[in-house]
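Below is one structure, written out as structure tokens, with a few remarks after it.
Bear in mind these aren't lab numbers, they're just calculated from the coordinates by the rules spelled out. All values reported here derive from a predicted model rather than from experimental measurement. Here the Cβ positions follow ideal geometry from the backbone for every residue, glycine too, while neighbour counts run over all protein chains shown.
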Amino acid sequence: MLSNKEMGCLRLGLVVAGIAVAMGGAQAQGLGNSPYSRIALGEFKPNTGGVRQMGMGGVGLAAPNATNVNELNPALLYYTGRTTFEAGFNGQYKTVKNATSSNQSGSGNLGYLALSVPLSTRWGAAVGLKSLTAVDYETNAIQDVAGTPVPTRVFTQAKGEGGISEAYLGQGIRLAKGLTAGFTASYVFGVIDETSGSTVQIDNRSDSLVNAVNRTHTRYSDFAFRTGVHYRYKVGKTLNLNVAGVYGFGHNLNGQKTVTQEQENRSGGLISTPNTVSDERGSTYVPALAQVGVSFDNDKNWSLNLDASQQQWSKFNSFGSAGTPLNNTMRVGLGGEITPDPGSVDHYFQRVTYRAGLNVAQLPYQPGGKMLYDRAVSWGFAFPLPTATPLEATTFSLGFTYGVRGNTDLLNAGSSNVQETYIRGQLGVTLNNRWFIKRRLQ
């Protein structure tokens with residue numbers, strides 16, 4: 001029989017091993033074809049937390065919680081009551097369409113891993129791994145070539161996959177009554193592979209199909225930093241006001257980009273030796289992210305939260321080029337949660353936590369000079385296992401989001417925007433335990 005201390009060490013070892021394995025496979029982050037992920041570093045995932053926050057519309061900067069990992073705002077890590085391990089698993093199904101066609105896609109992957117530990121009565125810390133951006137797109141087009149003596153068509157294809165992840169260490173400390181501050185340091189890493197090709201077909205002859213392919217392989221690695229503050233004040237006998245702010249510093253993300261050219265036959269086999277066009281070191285600037293939040297709660301069974309954020313995408317550039325012009329963005333979310341009776345013995349569903357929220361976010365790209373938006377509603381649940389004790393507890397959480405991104409408005413050139421309609425789900429598993437406590441036999 002292992003002692004309680006030995007069991008704690010074993011759990012920690014399993015968690016660290018799990019994070020190491022996840023880091024090794026962290027690049028498969030795509031969740032279905034997303035044409036907008038072709039721009040910049042891909043589909044950027046703002047700092048909106050885990051499965052708890054997803055159910056509330058991606059809010060919770062100012063909402064302390066003693067059950068889940070509070071990595072959204074490092075200042076909230078002070079409220080870690082027990083050693084907490086949390087894992088989130090994502091799934092998504094979406095429809096992508098423009099003015100003339102549409103298709104459906106979807107998949108699933110590991111969303112995040114996190115471990116938080118109370119280091120003292122004034123200090124908490126967390127380590128974890130999560131996805132920061134995702135690249136997952138494929139576009140195909142066919143165009144007839146005018147003015148040729150025989151019918152000629154050009155097939156073009158663009159594909160991309162990969163993304164950026166971050167492994168982080170965060171700490172939160174109490175500075176004064178109700179006032180806490182925190183700091184997170186992250187190692188940011190990932191690989192993005194993009195392919196573009198064109199094939200010319202003459203007079204419907206299959207032997208004329210030769211695909212000229214450009215491949216771009218970019219590997220990134222660097223460090224990033226985020227800081228946060230939180231203040232909690234009692235405004236009534238049972239009502240608390242919380243205010244918080246988080247600032248993710250803008251930083252350069254060092255990378256190495258290799259571009260090669262080659263030719264393929266119609267079955268994908270090489271018919272020429274790949275030619276390296278360029279192999280350069282450079283950096284991509286990831287813009288600063290500023291977030292503020294306000295929350296009300298009764299320190300018992302409900303909270304109501306409002307968050308807002310702004311990111312300076314107009315300052316984005318990659319390897320010395322701004323690429324597609326981007327614009328600064330705003331995001332606003334409103335959400336809350338309620339547990340009817342956390343201490344109920346006879347009615348299990350009185351102990352279940354119910355969550356709901358909504359949010360709207362601007363997208364950084366403006367085709368045709370018009371702002372695009374991502375609008376979504378969210379809901380979720382937290383189901384505690386009936387075997388919970390003061391020393392340990394297990395909770396299964398579900399979070400869902402239904403949203404619409406972009407539109408299908410026609411542009412000046414006769415093409416149209418792209419609209420994505422999606423349903424996302426996340427399953428979260430949270431394990432709470434008081435490690436290294438010597439049990440007494442009565």
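Return a whole-number percent for the relative contact order of the chain, with Cα pairs under 8 Å and 6 or more residues apart as the contact set. Worked out over the chain, it gives 17 percent. In terms of the mean number of neighbouring beta-carbon atoms within 10 Å, the peptides 132-143, 179-190 order highest first as 179-190, 132-143. Projecting label points 7 angstrom from Cα along Cα→Cβ for residue 198 and residue 330 puts them 4.1 nm apart.
How much length is gained if the chain between residue 176 and residue 109 is pulled fully straight, taking 0.36 nm per residue apart and subtracting their Cα-Cα distance, in nm to one decimal? Write out the running numbers ahead of the final one.
Values: separation 67, 0.36 × 67 = 24.12 nm, distance 4.06 nm.
Stretched out fully, the residue 176 to residue 109 stretch lengthens by 20.1 nm.
Compared with the dominant Cα axis of the chain, that is its longest principal axis, helix 4-24 is turned about 10°. Residues whose amide H lies under 5 Å from that of residue 40, counting only those 5 or more places away or on a different chain, are 324; hydrogens are built 1.01 Å from N in the peptide plane. Subtracting the Cα-Cα distance of residue 183 and residue 273 from 0.36 nm times their residue separation leaves 27.5 nm of extension gain. Checking (i) 0.96; (ii) 1.10; (iii) 0.90 against Cα Rg over 2.2 N^0.38 Å calculated from these atoms, the matching label is (ii). Simple spin-label estimate for residue 225 and residue 410 gives 5.3 nm between the two label positions (7 Å along the Cα-to-Cβ direction from each Cα).
Calculate, in nm to one decimal, what residue 377 and residue 354 gain on full extension: separation in residues at 0.36 nm each, minus their alpha carbon distance.
Gain on extension, residue 377 to residue 354, equals 6.9 nm.
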